[in-house]
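Undergrad: Take a look at the following structure, please.
The values are calculated or read from the model by the stated rules, or taken from the named source; none is laboratory data. From a predicted model like this one, the values you see are computed outputs, not experimental measurements. Using ideal geometry, Cβ is built from the backbone for each residue, glycine included, and neighbour counts are taken over all protein chains shown.
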Amino acid sequence: MKQIIKFCKKIRQNSSDELDDLVLDAVLNGLDMSTHANAMANLFNIELNTENAKTVLNVFINLVWSTGLDVFKINRDVADELGKEFKGVIPIELIRNTPYPVQYIEINTNGIDGLMLAWVSDKMFFKIEVYVAGGTSYGLSIPSHFGDITIEELAEKLMKAKGITDTTYTDNMKKVLPYIVYAASQWHNVPKSQVKSHIQSGRKSNNKVIYAKKPRVHHIGGELGERIRKSKAVTRAGHMRVGHLRRGHLHGYWHGTGDDRKYKVKWVNPTFVKPTVVKRSSCN
(Lines give C-alpha, C1' and ligand atoms only; values in the text may rest on other atoms or scores of the structure.)
Protein backbone atom coordinates (compact mmCIF):
# COMPACT_ATOMS: atom_id res chain seq x y z
CA MET A 1 0.00 0.00 0.00
CA LYS A 2 2.83 2.41 0.82
CA GLN A 3 4.33 1.80 -2.63
CA ILE A 4 1.01 2.74 -4.27
CA ILE A 5 0.85 5.98 -2.28
CA LYS A 6 4.43 6.91 -3.26
CA PHE A 7 3.70 6.09 -6.90
CA CYS A 8 0.62 8.32 -6.93
CA LYS A 9 2.58 11.20 -5.38
CA LYS A 10 5.19 10.97 -8.14
CA ILE A 11 2.54 11.16 -10.84
CA ARG A 12 0.78 14.09 -9.15
CA GLN A 13 4.04 16.04 -8.97
CA ASN A 14 4.06 16.13 -12.77
CA SER A 15 0.30 16.41 -13.18
CA SER A 16 -1.68 19.11 -14.90
CA ASP A 17 -5.00 20.78 -14.24
CA GLU A 18 -6.48 18.50 -16.91
CA LEU A 19 -5.54 15.40 -14.90
CA ASP A 20 -6.99 16.96 -11.73
CA ASP A 21 -10.23 17.65 -13.62
CA LEU A 22 -10.29 14.03 -14.77
CA VAL A 23 -9.77 12.68 -11.25
CA LEU A 24 -12.46 15.01 -9.89
CA ASP A 25 -14.92 13.83 -12.53
CA ALA A 26 -14.34 10.19 -11.51
CA VAL A 27 -14.79 11.00 -7.81
CA LEU A 28 -18.06 12.85 -8.37
CA ASN A 29 -19.56 10.88 -11.26
CA GLY A 30 -17.93 7.44 -11.14
CA LEU A 31 -15.17 5.75 -13.10
CA ASP A 32 -15.66 5.07 -16.79
CA MET A 33 -13.31 2.51 -18.29
CA SER A 34 -13.04 3.94 -21.78
CA THR A 35 -13.52 7.67 -21.13
CA HIS A 36 -11.03 8.05 -18.28
CA ALA A 37 -8.42 5.60 -19.60
CA ASN A 38 -8.44 7.26 -23.03
CA ALA A 39 -8.31 10.77 -21.59
CA MET A 40 -5.40 9.93 -19.32
CA ALA A 41 -3.54 8.24 -22.17
CA ASN A 42 -3.97 11.40 -24.26
CA LEU A 43 -2.61 13.57 -21.44
CA PHE A 44 0.58 11.50 -21.26
CA ASN A 45 0.84 10.93 -25.05
CA ILE A 46 0.32 7.19 -24.70
CA GLU A 47 -1.11 5.22 -27.60
CA LEU A 48 -3.57 2.79 -26.04
CA ASN A 49 -3.52 -0.86 -27.07
CA THR A 50 -4.55 -4.18 -25.56
CA GLU A 51 -1.23 -4.42 -23.75
CA ASN A 52 -1.21 -1.12 -21.90
CA ALA A 53 -4.91 -0.19 -21.56
CA LYS A 54 -5.32 -2.07 -18.26
CA THR A 55 -2.15 -0.50 -16.85
CA VAL A 56 -3.33 3.03 -17.70
CA LEU A 57 -6.72 2.34 -16.09
CA ASN A 58 -5.05 0.90 -12.96
CA VAL A 59 -2.87 3.99 -12.59
CA PHE A 60 -5.92 6.24 -12.91
CA ILE A 61 -7.87 4.15 -10.37
CA ASN A 62 -4.96 4.53 -7.94
CA LEU A 63 -5.01 8.30 -8.45
CA VAL A 64 -8.74 8.41 -7.68
CA TRP A 65 -8.12 6.33 -4.55
CA SER A 66 -5.44 8.77 -3.40
CA THR A 67 -8.07 11.51 -2.98
CA GLY A 68 -9.37 9.66 0.08
CA LEU A 69 -6.86 6.86 0.81
CA ASP A 70 -9.65 4.79 2.37
CA VAL A 71 -8.47 1.42 3.67
CA PHE A 72 -10.45 -1.48 5.12
CA LYS A 73 -8.10 -3.46 7.33
CA ILE A 74 -9.34 -6.97 8.08
CA ASN A 75 -8.40 -8.33 11.51
CA ARG A 76 -5.49 -10.75 11.06
CA ASP A 77 -7.19 -13.68 12.81
CA VAL A 78 -10.29 -13.21 10.68
CA ALA A 79 -8.20 -12.87 7.51
CA ASP A 80 -6.43 -16.15 8.31
CA GLU A 81 -9.79 -17.90 8.72
CA LEU A 82 -11.10 -16.37 5.50
CA GLY A 83 -8.16 -17.80 3.57
CA LYS A 84 -10.24 -20.64 2.16
CA GLU A 85 -11.62 -20.97 -1.33
CA PHE A 86 -14.92 -19.20 -1.96
CA LYS A 87 -17.90 -21.43 -2.71
CA GLY A 88 -21.41 -20.65 -3.86
CA VAL A 89 -22.98 -17.71 -5.65
CA ILE A 90 -21.18 -14.35 -5.95
CA PRO A 91 -23.39 -11.82 -4.07
CA ILE A 92 -23.26 -9.04 -6.67
CA GLU A 93 -25.80 -6.81 -4.89
CA LEU A 94 -23.80 -6.99 -1.66
CA ILE A 95 -20.53 -5.85 -3.22
CA ARG A 96 -22.25 -3.32 -5.49
CA ASN A 97 -22.75 -0.78 -2.69
CA THR A 98 -19.14 0.29 -2.16
CA PRO A 99 -18.96 3.36 0.09
CA TYR A 100 -16.20 5.06 -1.94
CA PRO A 101 -15.34 5.33 -5.65
CA VAL A 102 -12.19 3.28 -4.91
CA GLN A 103 -11.23 1.37 -1.75
CA TYR A 104 -8.31 -0.74 -0.63
CA ILE A 105 -8.64 -3.89 1.48
CA GLU A 106 -5.55 -4.61 3.56
CA ILE A 107 -5.06 -8.35 4.16
CA ASN A 108 -1.36 -9.19 4.70
CA THR A 109 -1.83 -12.95 4.88
CA ASN A 110 -1.98 -15.98 2.60
CA GLY A 111 0.43 -14.34 0.15
CA ILE A 112 -1.85 -11.35 -0.50
CA ASP A 113 -0.95 -7.84 0.65
CA GLY A 114 -4.22 -6.22 -0.37
CA LEU A 115 -6.92 -5.57 -2.96
CA MET A 116 -7.82 -2.35 -4.79
CA LEU A 117 -11.53 -2.34 -5.64
CA ALA A 118 -13.58 -0.09 -7.94
CA TRP A 119 -16.78 -0.26 -9.94
CA VAL A 120 -16.27 1.09 -13.46
CA SER A 121 -18.43 1.93 -16.48
CA ASP A 122 -21.67 2.67 -14.62
CA LYS A 123 -21.12 -0.33 -12.34
CA MET A 124 -21.00 -2.76 -15.25
CA PHE A 125 -17.63 -4.14 -14.12
CA PHE A 126 -16.13 -4.66 -10.67
CA LYS A 127 -12.39 -4.09 -11.08
CA ILE A 128 -10.05 -5.91 -8.69
CA GLU A 129 -6.29 -5.39 -8.57
CA VAL A 130 -4.62 -8.02 -6.39
CA TYR A 131 -1.35 -6.94 -4.77
CA VAL A 132 0.66 -9.98 -3.74
CA ALA A 133 3.69 -10.38 -1.49
CA GLY A 134 6.80 -9.30 -3.35
CA GLY A 135 5.40 -6.14 -4.90
CA THR A 136 3.69 -7.56 -8.01
CA SER A 137 0.00 -7.54 -8.86
CA TYR A 138 -2.58 -9.02 -11.22
CA GLY A 139 -6.06 -7.95 -12.25
CA LEU A 140 -9.49 -9.57 -12.09
CA SER A 141 -12.95 -8.29 -12.95
CA ILE A 142 -16.57 -9.31 -12.38
CA PRO A 143 -19.20 -8.27 -14.96
CA SER A 144 -22.41 -7.38 -13.11
CA HIS A 145 -24.86 -8.03 -15.93
CA PHE A 146 -24.82 -11.79 -15.29
CA GLY A 147 -26.43 -11.21 -11.88
CA ASP A 148 -25.86 -13.70 -9.05
CA ILE A 149 -23.68 -16.44 -10.50
CA THR A 150 -21.07 -18.90 -9.25
CA ILE A 151 -17.39 -18.38 -10.01
CA GLU A 152 -17.33 -21.52 -12.15
CA GLU A 153 -20.34 -20.37 -14.21
CA LEU A 154 -18.84 -16.90 -14.64
CA ALA A 155 -15.45 -18.30 -15.64
CA GLU A 156 -17.11 -20.56 -18.22
CA LYS A 157 -18.94 -17.61 -19.80
CA LEU A 158 -15.81 -15.46 -19.87
CA MET A 159 -13.63 -18.22 -21.30
CA LYS A 160 -16.22 -18.97 -23.97
CA ALA A 161 -16.42 -15.30 -24.92
CA LYS A 162 -12.62 -14.97 -25.10
CA GLY A 163 -12.00 -18.41 -26.57
CA ILE A 164 -9.62 -19.53 -23.82
CA THR A 165 -9.41 -22.54 -21.52
CA ASP A 166 -7.15 -21.15 -18.79
CA THR A 167 -8.44 -21.87 -15.25
CA THR A 168 -6.28 -19.19 -13.59
CA TYR A 169 -9.25 -16.80 -13.32
CA THR A 170 -11.27 -19.36 -11.37
CA ASP A 171 -8.42 -20.20 -9.01
CA ASN A 172 -7.53 -16.56 -8.30
CA MET A 173 -11.12 -15.45 -7.84
CA LYS A 174 -11.74 -18.20 -5.29
CA LYS A 175 -8.78 -16.89 -3.28
CA VAL A 176 -9.78 -13.22 -3.14
CA LEU A 177 -13.60 -13.29 -3.00
CA PRO A 178 -13.85 -14.33 0.69
CA TYR A 179 -12.03 -11.12 1.67
CA ILE A 180 -14.08 -8.94 -0.69
CA VAL A 181 -17.42 -10.35 0.43
CA TYR A 182 -16.53 -10.07 4.12
CA ALA A 183 -15.43 -6.44 3.69
CA ALA A 184 -18.62 -5.73 1.74
CA SER A 185 -20.71 -7.10 4.61
CA GLN A 186 -19.12 -4.43 6.83
CA TRP A 187 -19.37 -1.45 4.47
CA HIS A 188 -22.71 -0.39 5.93
CA ASN A 189 -20.87 0.47 9.18
CA VAL A 190 -19.01 3.36 7.51
CA PRO A 191 -20.57 6.62 8.83
CA LYS A 192 -22.25 8.69 6.13
CA SER A 193 -20.24 11.68 7.33
CA GLN A 194 -17.02 9.90 6.32
CA VAL A 195 -18.36 9.11 2.86
CA LYS A 196 -19.41 12.76 2.44
CA SER A 197 -16.03 14.01 3.64
CA HIS A 198 -14.34 11.80 1.05
CA ILE A 199 -16.29 13.47 -1.75
CA GLN A 200 -15.42 16.87 -0.28
CA SER A 201 -11.73 15.92 -0.22
CA GLY A 202 -11.86 15.30 -3.93
CA ARG A 203 -13.16 18.75 -4.76
CA LYS A 204 -10.87 21.39 -6.25
CA SER A 205 -9.21 24.13 -4.25
CA ASN A 206 -7.18 26.80 -6.08
CA ASN A 207 -7.40 24.73 -9.29
CA LYS A 208 -5.99 21.64 -7.57
CA VAL A 209 -7.76 18.50 -6.40
CA ILE A 210 -7.40 18.03 -2.66
CA TYR A 211 -5.67 14.67 -2.08
CA ALA A 212 -5.61 12.90 1.28
CA LYS A 213 -2.40 13.29 3.28
CA LYS A 214 -2.58 9.94 5.06
CA PRO A 215 -4.68 6.74 4.87
CA ARG A 216 -8.01 6.63 6.69
CA VAL A 217 -8.15 3.10 8.09
CA HIS A 218 -11.44 1.34 8.84
CA HIS A 219 -10.72 -1.64 11.12
CA ILE A 220 -13.14 -4.53 10.55
CA GLY A 221 -13.53 -7.90 12.20
CA GLY A 222 -12.17 -6.92 15.63
CA GLU A 223 -14.88 -8.60 17.74
CA LEU A 224 -14.92 -11.69 15.54
CA GLY A 225 -11.12 -11.88 15.71
CA GLU A 226 -11.23 -11.74 19.50
CA ARG A 227 -13.63 -14.71 19.60
CA ILE A 228 -11.33 -16.64 17.29
CA ARG A 229 -8.29 -15.93 19.48
CA LYS A 230 -10.13 -17.00 22.65
CA SER A 231 -11.29 -20.16 20.92
CA LYS A 232 -7.75 -21.09 19.93
CA ALA A 233 -6.54 -20.49 23.48
CA VAL A 234 -9.25 -22.73 24.93
CA THR A 235 -8.55 -25.40 22.35
CA ARG A 236 -4.85 -25.46 23.18
CA ALA A 237 -5.60 -25.72 26.90
CA GLY A 238 -7.82 -28.81 26.81
CA HIS A 239 -9.55 -31.48 24.77
CA MET A 240 -11.75 -29.27 22.63
CA ARG A 241 -12.80 -29.48 19.02
CA VAL A 242 -11.40 -26.41 17.27
CA GLY A 243 -13.85 -23.58 16.62
CA HIS A 244 -14.18 -22.41 13.03
CA LEU A 245 -15.66 -19.74 10.82
CA ARG A 246 -18.83 -20.84 9.06
CA ARG A 247 -18.89 -19.47 5.52
CA GLY A 248 -21.11 -16.54 4.61
CA HIS A 249 -23.83 -17.41 2.10
CA LEU A 250 -26.93 -16.19 0.30
CA HIS A 251 -30.14 -17.25 2.03
CA GLY A 252 -33.61 -17.18 0.46
CA TYR A 253 -36.81 -16.60 2.45
CA TRP A 254 -40.45 -15.66 1.92
CA HIS A 255 -41.58 -12.23 3.13
CA GLY A 256 -45.13 -10.93 3.57
CA THR A 257 -48.54 -12.59 3.25
CA GLY A 258 -51.12 -13.27 0.57
CA ASP A 259 -50.66 -11.51 -2.75
CA ASP A 260 -47.87 -9.40 -1.24
CA ARG A 261 -45.78 -12.45 -0.43
CA LYS A 262 -42.38 -12.18 -2.11
CA TYR A 263 -39.26 -14.30 -2.19
CA LYS A 264 -36.19 -12.37 -1.06
CA VAL A 265 -32.53 -13.26 -0.94
CA LYS A 266 -30.14 -11.80 1.61
CA TRP A 267 -26.52 -12.34 2.54
CA VAL A 268 -25.80 -14.11 5.83
CA ASN A 269 -22.45 -13.00 7.25
CA PRO A 270 -19.79 -15.51 8.32
CA THR A 271 -20.42 -16.71 11.87
CA PHE A 272 -18.02 -18.21 14.36
CA VAL A 273 -18.83 -21.72 15.61
CA LYS A 274 -17.58 -22.12 19.18
CA PRO A 275 -15.25 -25.00 20.11
CA THR A 276 -16.95 -28.02 21.64
CA VAL A 277 -15.79 -30.62 24.11
CA VAL A 278 -14.48 -33.81 22.53
CA LYS A 279 -15.94 -36.78 24.35
CA ARG A 280 -13.29 -39.38 25.01
CA SER A 281 -14.35 -43.01 24.96
CA SER A 282 -13.60 -44.93 28.17
CA CYS A 283 -11.78 -48.26 28.08
CA ASN A 284 -12.98 -51.06 30.34
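Undergrad: When the residues of the range 97-130 are narrowed to those that are more than 10 Å from the chain's Cα centre (by Cα) and among the polar types (S, T, N, Q), which ends up farthest from Tyr169 (Cα to Cα)?
TA: The extreme case among them is Asn97.
Undergrad: Any chance you could count how many residues in the range 63-72 are more than 17 Å from Val120 (Cα to Cα), over 11 Å from the mean Cα position of the chain (by Cα) and surrounded by fewer than 24 Cβ atoms within 10 Å (Cβ to Cβ)?
TA: 2
Undergrad: Continuing with the same structure: Please count how many residues of the range 44-60 are in a loop (DSSP other than H, G, I, E, B) and of a type in the set (A, V, I, L, M).
TA: Selection size over the range 44-60: 2.
Undergrad: Limited to the range 178-199, what total is found for residues that are surrounded by 14 or more Cβ atoms within 10 Å (Cβ to Cβ) and either outside the structural domain of Met116 (by TED's automatic domain parsing) or not in a helix (DSSP H, G or I) (or both)?
TA: The number of residues fulfilling the criteria is 1.
Undergrad: One residue is enough: does the range 66-82 have a residue meeting the conditions part of a loop (DSSP other than H, G, I, E, B) and acidic (Asp, Glu)?
TA: No, because not a single residue in the range 66-82 is part of a loop (DSSP other than H, G, I, E, B) and acidic (Asp, Glu).
Undergrad: If you don't mind, another one. Sort out for me the strands (runs of 3 or more DSSP E) sitting completely within the range 87-170 that have 2 or more residues that are under 22 Å from Asn52 (Cα atoms) and either aromatic (Phe, Trp, Tyr) or in contact (Cβ under 8 Å) with a residue 40 or more places away in the chain (or both).
TA: Counting at least 2 such residues, we get 112-120, 125-132, 137-143.
Undergrad: Could you identify the single residue in Ile74, Ile92, Ile107 that is out of contact with any Lys or Arg (no Cβ under 9 Å at 6 or more places or on another chain) and closer than 22 Å to Glu223 by Cβ?
TA: None of the others qualify; the one that does is Ile74.
Undergrad: So, one more: Sort out which residues of the range 1-43 are touching a residue at least 12 places away in the same chain (Cβ under 8 Å) and in a loop (DSSP other than H, G, I, E, B), and write them in order of number.
TA: Those that are touching a residue at least 12 places away in the same chain (Cβ under 8 Å) and in a loop (DSSP other than H, G, I, E, B): Met1, Ser16, Gly30, Asp32.
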